[in-house]
Amino acid sequence: GQLPTWLQGILLRNGPGMHTIGDSKYNHWFDGLALLHSFTFKNGEVYYRSKYLRSDTYHCNIEANRIVVSEFGTMAYPDPCKNIFAKAFSYLSHTIPEFTDNCLINIMKAGDDFYATGETNFIRKINPQTLETLEKVDYNKYVAVNLATSHPHYDSAGNVLNMGTSIVDKGKTKYLLFKIPSSVPEQEKKKSCFKHLEVVCSVPSRSLLHPSYYHSFGISENYVIFIEQPFRLDILKMSTAYIRGVSWASCLAFNKDDKTWFHFIDRKTKKEVSTKFYTDAMVFFHHINAYEEDGHIIFDIIAYEDNSLYDMFYLKNMSKDFGENAKLTSTPTCKRFVVPLQYDKDAVVDSNLVTLPTTATAVKEKDGSIYCQPEILCEGIELPRINYDYNGKKYKYVFATQVQWCPVPTKIAKFNTQTKEMLQWEEDDCWPSEPVFVPNPDGKEEDDGVVLTCIVKTDPKDPPFLLILDAKTFTELGRAIVNVEMHLDLHGMFIPQQDMKTETE
């Protein structure tokens with residue numbers, strides 16, 4: 001095929017790559033050692049490279065020739081000779097475990113630099129051109145967080161907004177929203193942007209010892225949207241997991257009888273909106289987008305009725321017929337919540353406060369809290385991406401993978417949130433990864449651009465390829481076939497040529 005001449009830059013992807021070290025195996029697919037890969041677009045040609053992230057975790061494991069650093073679903077024992085007392089003592093001395101720096105989920109831009117990210121307090125700087133691993137950054141040096149999301153947001157000035165959980169810090173467990181500036185003052189050029197990190201706001205956890213798990217958060221023009229879901233980490237269980245010989249993942253539990261709370265943080269005043277908004281119990285990983293209209297915040301997420309998705313990816317469940325046999329007990333559902341921030345305070349109890357044309361409701365309760373029910377936009381999509389120029393604004397299109405009842409995607413979809421139309425790309429025996437939208441620099445419309453996705457074939461003899469689709473029509477523009485074994489990855493980003501520091505700089 002032909003690539004558009006304007007497509008110049010690097011598509012960077014991240015995901016678990018190595019699941020066996022020596023005679024030891026990880027229990028969970030999300031635990032594997034991070035493998036970075038990139039597609040560089042230069043003058044109509046595509047170059048591929050891949051490299052393991054050389055994290056401290058990677059080095060420790062490779063040197064020992066077995067897994068010695070614990071991951072979320074795999075508890076490892078560094079020294080089997082240590083007796084139980086020494087082990088118990090060393091772990092009581094730090095209840096919150098030392099987490100891994102195996103940053104295998106996403107790529108983040110901070111300042112002029114790029115980082116591989118996971119969900120712990122560590123991120124690793126990488127060189128996007130060579131995929132070389134550079135220094136390790138510990139968020140904890142700059143902000144009191146033990147966990148942080150790998151889905152940050154970027155404002156128009158290029159500052160990074162992210163959220164992390166501070167576990168039992170000074171007797172409180174809270175969620176922190178923090179900002180990493182895109183540049184540092186001229187006189188401090190040698191310093192990193194992390195030195196100027198600021199905490200924007202903190203939201204107390206509803207429970208000291210059971211903070212909510214979250215994988216992403218939302219942002220609109222004036223608000224940050226944080227969802228506290230009843231899918232929670234049990235800190236007491238976590239602090240004894242090592243001694244009990246169980247993984248941290250076993251300390252996560254979903255309570256289906258509980259509520260899901262919505263928090264809205266005003267980006268200007270840095271304060272949380274005081275009204276209590278909630279919905280029914282759900283589990284979700286990905287926010288799609290959010291925007292404001294006539295005193296309402298509208299936000300779209302992909303939610304499940306239970307937490308079966310995580311359990312699917314235990315490697316014992318991932319046999320060669322995984323694609324056919326693995327069945328989700330709850331299909332991913334694209335839900336739109338419409339939350340009235342400005343409403344008549346004298347409104348009658350049990351009245352719906354939403355005044356926009358939607359089936360989503362927000363009902364006032366006796367105690368003043370507001371119970372929200374969503375509009376269902378569609379079902380069966382995951383790993384959603386949008387044209388990021390429309391992030392926080394009213395938008396039309398979601399690009400996503402399509403999964404029905406199976407956790408492995410078989411199609412790429414473009415969904416129109418306004419007309420509910422869906423375009424699809426599929427081919428036999430193909431497993432696509434998260435689609436990344438790259439806007440045409442001269443584009444006028446939201447879907448002027450291309451969609452890039454890595455395709456792994458179910459037959460190992462068939463080579464994988466990078467697929468380039470016209471984002472408007474969803475027709476194939478071209479594919480770059482790669483004669484190496486490629487892995488299913490998680491997330492990534494496209495870096496336009498002009499955003500890359502040249503080596504001399």
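At a glance:
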quantity	calculated
Theoretical gain in end-to-end length, Asp138 to Lys271 [0.36 nm per residue, Cα-Cα removed]	45.2 nm
Estimated FRET transfer efficiency when R0 is 25 angstrom, pair Glu379-Val246 (beta carbons, to 0.05)	0.15
Förster radius 30 Å - calculated FRET efficiency between Met18 and Thr130, Cβ distance, rounded to 0.05	0.95
Reach of Lys411 by Cα under 12 Å, taken over aspartates and glutamates that are not fewer than 8 positions away in the same chain	Glu382, Glu426, Glu427, Asp428, Asp429, Glu434
Chymotrypsin sites (Phe, Trp or Tyr not before Pro) restricted to DSSP loop in region 344-452 with at most 16 other C-beta within 10 Å	Trp405
Projected label distance in nm at Arg206 and Val184, using a 7 Å step from Cα toward the beta-carbon	4.0 nm
Cα convex hull of region 222-334 - mean projected area over all directions, nm²	9.7 nm²
Kirkwood Rh, Cα atoms: Rg over Rh of region 9-499	0.95
Alpha-carbon centroids, region 1-67 and region 116-163: separation in whole Å	17 Å
Length added when fully stretched, Tyr390-Asp459, from 0.36 nm per residue minus Cα-Cα	21.1 nm
Reachable aspartates and glutamates, given that their alpha-carbon falls under 12 Å from the alpha-carbon of Lys271 and they are not under 8 places away in the same chain	none
Carbon + sulfur, % of accessible area of the chain - ligands and nucleic acids excluded, 1.4 Å	50 percent
Reachable lysines, given that their alpha-carbon falls under 19 Å from the alpha-carbon of Lys414 and they are not under 8 places away in the same chain	Lys335, Lys393, Lys394, Lys396, Lys444, Lys472
Per residue accessible area in Å² of the chain, where ligands, DNA and RNA are left out and the probe is 1.4 Å	44 Å²
Spatially close lysines, pair count over region 168-252: Cα under 30 Å, gap of eight or more or interchain	13
Projected label distance in nm at Glu445 and Gln497, using a 7 Å step from Cα toward the beta-carbon	2.6 nm
Two-site label geometry, Ala157 and Val199: point separation in nm, points 7 Å out along Cα→Cβ	2.1 nm
Cleavage-rule hits, trypsin sites (Lys or Arg not before Pro), region 122-197, DSSP coil, Cβ neighbours within 10 Å at most 15	Lys170, Lys189, Lys190, Lys191
FRET E, pair Ile62, Glu293, Förster distance 60 Å, beta-carbon r, rounded to 0.05	0.70
Those trypsin sites (Lys or Arg not before Pro) in region 260-348 that DSSP places in a loop and that have at most 16 other beta carbons within 10 Å	Lys268, Lys270, Lys271, Lys276, Lys320, Lys327, Lys345
For region 192-239 versus region 326-387, the gap between their alpha-carbon centres in whole angstrom	21 Å
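The values are calculated or read from the model by the stated rules, or taken from the named source; none is laboratory data. Model, not experiment: these values are computed from the prediction. All Cβ positions, even for glycine, are placed from backbone atoms using ideal geometry, and neighbour counts span all protein chains on display. Calculation scope for accessible area: heavy atoms of the full protein, side chains included, ligands and nucleic acids excluded. Shrake-Rupley method; radii C 1.70, N 1.55, O 1.52, S 1.80 Å.
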